[in-house]
Structure formats: structure tokens, C-alpha cells
Amino acid sequence: MTRIIASREPVQPLSAQAKTVFLLVILQAIPIAVIFTGTNSTDWIIFAIIYPMQCIGVGVSLHRYFAHRSFKTSRWFQFALALMASSVFGDPVRFAGKHRLHHRYSDTTNDTHTPLKGFWSCWYGSLVDNGYTDAELCEAAKDLNKYPELMLLHRFWLLPGLLLCLLVYFIGGFSSVAVGVMLGSALLMNQASAVNYFCHKYGKRRYKTSDQSTNNVWVALLSFGEGWHNNHHYYPATARAGFFWWELDFYYMAIWVFEKLGLVWDVRQPRPEMLEKAALTKT
């Protein structure tokens, strides 16, 4: 069994960092350049179709299902969720492993994206491995290793996203790829980074946790519910980040729809005593 040492300082090879930063810059620069140089209606129609799928791929699939297993589903729909994650170049195994390590070592030197390491490291730390080996990430997500289809996506994690780009290119050309696929990926990347940074520095702490997580209403609105981060760190296993009706959580709404359609079940909810405790706390 791979043993992860909490006290070690993560180190990422410079070449891998350089490649990752290059991809991040390209991923963000190209959509901005295309928008300023001109787009067409096809580009935005494709964006309107693909972006919701990408959102579900990140918030519902990668985060609440693969990382936290907050509901159960069938084998085929699990793979469908994994493919949605792949639309933003996401790898369920790598993400689940890294995110579980984030919760294990939250706001310590071994946390890949704590604000304690500074803005740049935090903002892009969730997208750079920062020293965790593939074996360590697979060990942290070992419950997913038994699925050959997920391990295949883990090995060829770029391929589904590139195939999607190729399909969109044949439909609408390069501008449709930039707006329809890359723009959504860039938006979600920065939404996740905003949660990692602002929701560990600014906001209100309803619950006492071992980290610095906060509930930040502005980030919650921009990230479709992920900004209720103190709630999440207090009870990460629940499918809901927003515990009350006024805490808008669009990702939970999607899970609720999936449950009503019979696609998911055993959706974990906050325990009643948690809500009672929160009701006594001024937020």
C-alpha cells in the first residue's frame, strides 16, 4: 500500500509545471482572443449545449460523486458522468484522489491548493499535481480502481476532450471549439480556483472545522453552489453544499432531477442535528 506522508513538501517537476501552465494559458487565451476577433451564432449555440454538460461533469460528477460518493448510481450512468467530466479534460480517478487528499490535509503544507501557499499556487494548485504521484492518487481513490472503463479514462484522460473538440470543429470550425469547448473549461477552472482561494480566506464560518473553510455567498452564486464551502468541509459526504433553501445550490438541483428520473439513488442529505446546529448559528 502506498503511504502518503503528510509532512512532506510537494514538489512538481519543472517540465511538468511548464507544460501545465502553458496549457492553462492557451486554454484561457484562445477563447478570449476568438471572442474579441469575432464569433457567430453557431459558436454560442454549441456553448449553450456543452457548457451545462461540463458543469455537471465538474460539480456533480467529479466533485460530489467520484470524490465524495454522495449518491449511488448504475454502472452505465457512472460512465456517462465520467464522460461529462472528460468534456473539461477531467479524470475522475486523478480528481477524486487529489480532492480526497485536499480534505485530508486541508490548509496544511501538504494541501495542493491552500491559500497559505499564496495566490498563484492556490489558484492553479488544483490543476497541478504538486508532487503527488500517480500511485498516490490511485491509492487515495482505490475504490474507483476496480472499474476498467474508469482506469482507461485515467490513462487516456485527454482523448475524450480532444475528440469532442474534433467533433465541434467539423460542426462549426475553430471558433466553435474555442467558444463551445475551451471557454466552458476555462470558466469552470477559474470557478473551482475561486472556491479554493476565496472560500478558505473570506466569508463566514457556520461550523468549526479543522481548516479555514468559509461560506461565501458571492462565490456560491458564481460557482453554482460550491461556495457554501464551510458547509461542505463540515459534512463532505452530503450531496448538498447549500443546507437551506436560501443557499442556492444548482448542482444539488441537478442531482435532485437525476434522482426523480431514477438515474441516481441513496442521495445523502445533511443530518437533522447539523441543520439544528446551523439554525442556532448566526450566518
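Quick note: the coordinates plus some simple rules give every number you see, no bench work behind them. Just so it is clear, the structure is predicted and the values come from calculations on it, not from any experiment. A quick note on method: Cβ atoms are made from the backbone with ideal geometry, for glycine too, and the neighbour counts reach across all protein chains shown.
Computed quantities for the displayed model
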{"item": "Inter-probe distance in nm under a simple model that places probes 7 Å from Cα toward Cβ, at PHE174 and PHE119", "result": "3.2"}
{"item": "Euclidean distance of C-alpha centroids, region 246-270 and region 159-238, integer Å", "result": "18"}
{"item": "Sequence of ARG240, ARG271, ARG205 once ranked by neighbouring C-beta atoms within 10 Å, starting from the fewest", "result": "ARG271, ARG205, ARG240"}
{"item": "DSSP H segments from the chain that extend 30 Å or more along their own axis, Cα-based, with Kyte-Doolittle mean of 0.0 or above", "result": "14-37"}
{"item": "Separation in nanometres of the label points that stand 7 Å from Cα toward Cβ, at ALA33 and ILE49", "result": "2.6"}
{"item": "Label-point separation, TRP256 to ALA237 (7 Å along Cα→Cβ), nm", "result": "2.3"}
{"item": "Length released on extending from LYS201 to LEU221, taking residue separation times 0.36 nm less the Cα-Cα span", "result": "5.5 nm"}
{"item": "Test item: Cα-centred dipole of region 65-126, Lys/Arg +1 and Asp/Glu -1 on Cβ, debye", "result": "260"}
{"item": "Average projection area in nm² (convex hull over Cα atoms of region 53-197, one quarter of hull surface)", "result": "8.6"}
{"item": "Förster-model FRET efficiency, 30 Å R0, LEU166 and ASN145, C-beta, rounded to 0.05", "result": "0.55"}
{"item": "Shape box of the chain [Cα atoms, principal axes, largest first, Å]", "result": "55, 43, 39"}
{"item": "Ranked packing of 87-96, 224-233, 254-263, 101-110, most packed first, by mean Cβ within 10 Å", "result": "224-233, 87-96, 101-110, 254-263"}
{"item": "Residue-span extension gain [PHE156 to SER210] - 0.36 nm each, minus C-alpha spacing", "result": "15.8 nm"}
{"item": "Nonlocal Lys pairs with alpha-carbon distance under 20 Å, region 14-206 (8 or more apart, or different chains)", "result": "7"}
{"item": "Charge dipole (debye, nearest 20) of the chain; +1 at Cβ of Lys and Arg, -1 at Cβ of Asp and Glu", "result": "600"}
